[in-house]
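A quick write-up on the structure given underneath.
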Amino acid sequence: MNRIKPTWLVSICLTILLLLLCACSTLIGYKTPSALTGAGAPGATATENHIAHAVFQAINQARAQSGLPPLRWSTALANSARQHDLAMQAANTLSHQLPGEAGLGERESQQGVKWSWAAENIGETSDLTVTGALGLHQAMMSEQPPTDGHRQNILTTSGTILGIAILIDKQHGLLWMTEDFAQSSASRFAEHECYPRRE
């Protein structure tokens, strides 16, 4: 009959415990956008937040494949994006700035973002699911120069933070998506550098 000596048993148990702790800390240490933000944009449903976070992950995966660092989630930018989604829904129009609406930089500043660079991607689809939003993302990533503004924003080397909002508009049968990008600055912006608005 083979027996494991108590010292070996303790070593094996400690090794297993150490492996489990490492695995748990890795899982706990990986922060999803929802963990970083608590909830998503105010007024957004759980489904809308889930879709926004799926797009956020897809953007950072695309950036990793291009050798770029991940963008950090910004609740303030998600709030800015949500307000823009609501404005597009109310007008039933896809546009970077609607009549009476502040421009991108001002909208981001109103949410407390101190930025030195800002950009925005917007899209709409009749597919009201995560598949529809990821389809918009894929279409943006498939753009070719010189008409690849969405792709340039996603693969920015200037931006450091990103907020995404999804609005499922059952009245018009559309999913509205706004991605607001920025490079946060330590002080109030001295120079307004903003990419040309992209649709």
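Of all residues in the range 47-65, those satisfying the criterion of being more than 16 Å from residue 82 (Cβ to Cβ) and small (Gly, Ala, Ser) are 54, 58, 62, 64. Just one of (1) surrounded by 18 or more Cβ atoms within 10 Å (Cβ to Cβ); (2) modelled with pLDDT under 95 fails for residue 91. It is (1). Just one of the listed residues (54, 81, 44) is open to solvent by less than 10 Å² (accessible area, probe 1.4 Å) and touching a residue at least 12 places away in the same chain (Cβ under 8 Å), and it is 81. For the range 124-138, a residue qualifies if it is over 14 Å from the mean Cα position of the chain (by Cα) and either more than 17 Å from residue 63 (Cβ to Cβ) or open to solvent by less than 60 Å² (accessible area, probe 1.4 Å) (or both), and the qualifying residues are 124, 125, 126, 127, 128, 129, 131, 132, 135. Quickly run through the range 97-112 and pick out the residues that are open to solvent by 10 Å² or more (accessible area, probe 1.4 Å), touching a residue at least 24 places away in the same chain (Cβ under 8 Å) and in contact with a helix residue (DSSP H, G or I) (Cβ under 8 Å, 6 or more places away or on another chain). Once the filter is applied, which keeps residues that are open to solvent by 10 Å² or more (accessible area, probe 1.4 Å), touching a residue at least 24 places away in the same chain (Cβ under 8 Å) and in contact with a helix residue (DSSP H, G or I) (Cβ under 8 Å, 6 or more places away or on another chain), the range 97-112 yields 97, 107, 110, 111, 112. Provide a single number: the residues in the range 57-78 that are aliphatic (A, V, I, L, M), open to solvent by less than 20 Å² (accessible area, probe 1.4 Å) and assigned to a loop (DSSP other than H, G, I, E, B). The qualifying residues number 1.
The values are calculated or read from the model by the stated rules, or taken from the named source; none is laboratory data. All values reported here derive from a predicted model rather than from experimental measurement. With ideal geometry, Cβ positions are generated from the backbone for all residues, glycine too; neighbour counts draw on all protein chains shown. Areas reflect the complete protein model, heavy atoms only, side chains present, ligands, DNA and RNA absent. Shrake-Rupley method; radii C 1.70, N 1.55, O 1.52, S 1.80 Å.
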